[in-house]
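Trainee: Quick one: structure below, then a few questions.
None of the figures in this text is laboratory data; all of them are computed from the coordinates on show. Just so you know, these numbers come straight off a predicted model, no measurement behind them. Here the Cβ positions follow ideal geometry from the backbone for every residue, glycine too, while neighbour counts run over all protein chains shown.
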Amino acid sequence: MKITQIRLGTISVPLRVPFKTALRSVDSVEDVIVEIHTDTGAVGYGEAPPTGAVTGDTTGAIVGAVRDHIAKSLIGRDVDEFEDVLKIVQSCIVKNTSAKAAVDMALWDLYGQLYQIPVYKLLGGARKSIVTDITISVNAPEEMARDAEAAVRRGYDCLKVKVGADPALDVERLAAVRQAVGKEVCIRIDANQAWKPKEAVRILDQMQERGLQIEFVEQPVAAHDLEGLKYVTDRSTVPVLADESVFSPEDAVRIMEMRAADLVNIKLMKCGGLYNALKIAAAAEIYGVECMIGCMLEAKVSVNAAVELACAKKVITKIDLDGPVLCREDPVLGGAVFDEKRITVSDEPGLGIRGIQSGKLSYLF
């Protein structure tokens, strides 16, 4: 199965409601789709979101990285040289993790198709279904309370609540959400790097004193500030999850060695795809650290690849793969089934993606 062509296109999928964090606000998913074509007729699918505020990757950067570097290195290579082609993706250009992730997952898709096995079984096959949280965007407390109530009515029993846009309001935001949904609903919070270390401890202590029952806090301080992250981890009774601080297996190992966080978040767009995500999961198993698997604001192709990994590895105990259910529609044919909080992986070979609905994909080349 030789790689003959790599095509890129874009999709635009409107969101149910605007997605707001401490870093950005968006109304739709605007992602790059990668198709890797082969001489057997098999096509592998990947996807990358331009999340410049987190990864530094814009649409133009993703397109340029794939077209000018990755594609030129892969055309003519055999998919069965799997380790070699995966390493080529990681080594032919530095950074550009979203572009690498999109191509990486498309290669895993092809490899699964070549040997007629789903990717999650190739990776370990621990389970067939998982349960995700759903994100509550940062807004005024009363609006967040309404959004939380609506999510619970849809069947969600775990909410990831965005905070940090105005630290002075964060405790009131959480109090409003907790009052709206009651004590039985799991609440985890995501500050998206918005707080200073001492400020984070103070805010988390206030939330604990109010009895707001937080499962964990995600990335309370700046991504580069590992000492600050450790400061919060050492002094807060709320467990800390490292997210933007983890871009590579090396980052993950450093955090685990420092005990700078209680958990680590695996995101394919930050680490460059399944190839490196597997290394992070393996390190977590060695250090005895649980993982969450998360996504950016992505449609189903790339989130589907994350589902395959989540269903493969038991060290991944927290699931934050709500991208597709935040969208008004799903233009992707095949793949995992997203039934609100319940996600069931496909048993079709590879990633199980059959394509994009007609008229929804605009080819670039």
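Trainee: Can you list the HN-Hα couplings for the range 349-357, worked out from phi with the Karplus curve (6.51, -1.76, 1.60; θ = phi - 60°), rounded to whole Hz and with x for Gly and Pro?
Mentor: Each residue of the range 349-357 in turn: x, x, 8, x, 7, 9, x, 10, 3 Hz.
Trainee: Moving on. What residues have an amide H closer than 5 Å to that of I266, excluding those fewer than 5 places away on the same chain, when H is modeled at 1.01 Å from N in the peptide plane?
Mentor: Result for I266 returns M292, I293, G294.
Trainee: A further question on this structure: For the chain, what is the mean residue ellipticity at 222 nm derived from helices alone (per DSSP H run of n ≥ 4: -39500 (n - 2.57); sum divided by total residues; nearest 500 deg cm²/dmol)?
Mentor: -11000 deg cm²/dmol, from helical runs alone.
Trainee: Sort C295, C186, C311 so the one with the fewest other Cβ atoms within 10 Å of its own Cβ comes first.
Mentor: Ordered from fewest to most neighbouring Cβ atoms within 10 Å, C295, C186, C311 come out as C186, C295, C311.
Trainee: Can you give me the distance in nm between label points at I75 and R153, each placed 7 Å from the Cα along the Cα-to-Cβ direction?
Mentor: 5.3 nm
Trainee: Here are several values of Cα extents along the principal axes in Å: (i) 61, 48, 47; (ii) 118, 45, 33; (iii) 62, 42, 36. Which one was derived from the coordinates shown?
Mentor: (iii)
Trainee: Quick one: dipole size for the range 121-356, taken about the Cα centre, charges +1 on Lys/Arg Cβ and -1 on Asp/Glu Cβ, in debye to the nearest 20.
Mentor: 440 debye
Trainee: Placing +1 on the Cβ of each Lys and Arg and -1 on the Cβ of each Asp and Glu in the chain, which of A222, A242, V325 has its Cα farthest towards the positive end of the resulting dipole?
Mentor: Projecting each Cα onto the dipole axis, the largest value belongs to V325.
Trainee: Something else: What order do you get for Y287, Y45, Y111 when you list them from fewest to most C-beta neighbours inside 10 Å?
Mentor: Y287, Y111, Y45
Trainee: How much FRET efficiency would the formula 1/(1 + (r/R0)^6) give for S91 and Y363, where r is the Cβ-Cβ distance and R0 is 22 Å, rounded to 0.05?
Mentor: Computed FRET efficiency for S91 and Y363 comes out at 0.20.
Trainee: Right, next: State the extension gain, in nm to one decimal, for the chain segment bounded by R328 and R67, taking 0.36 nm per residue of separation less the distance between their alpha-carbons.
Mentor: Net length gain for the segment: 90.9 nm.
Trainee: Another question about this same structure. GluC sites (Glu not before Pro), restricted to the range 147-207: which are DSSP loop and have at most 16 other Cβ atoms within 10 Å?
Mentor: Those that pass, being in a loop and sparsely packed, are E184.
Trainee: Additional query: Report the paramagnetic label zone for A42: residues of the range 60-104 whose backbone N is under 12 Å from a point 7 Å from Cα along the Cα-to-Cβ axis.
Mentor: Those under the cut-off are 78-82.
Trainee: If r is the Cβ-Cβ distance from Q116 to R342 and R0 is 22 Å, what FRET efficiency results, to the nearest 0.05?
Mentor: Computed FRET efficiency for Q116 and R342: 0.25.
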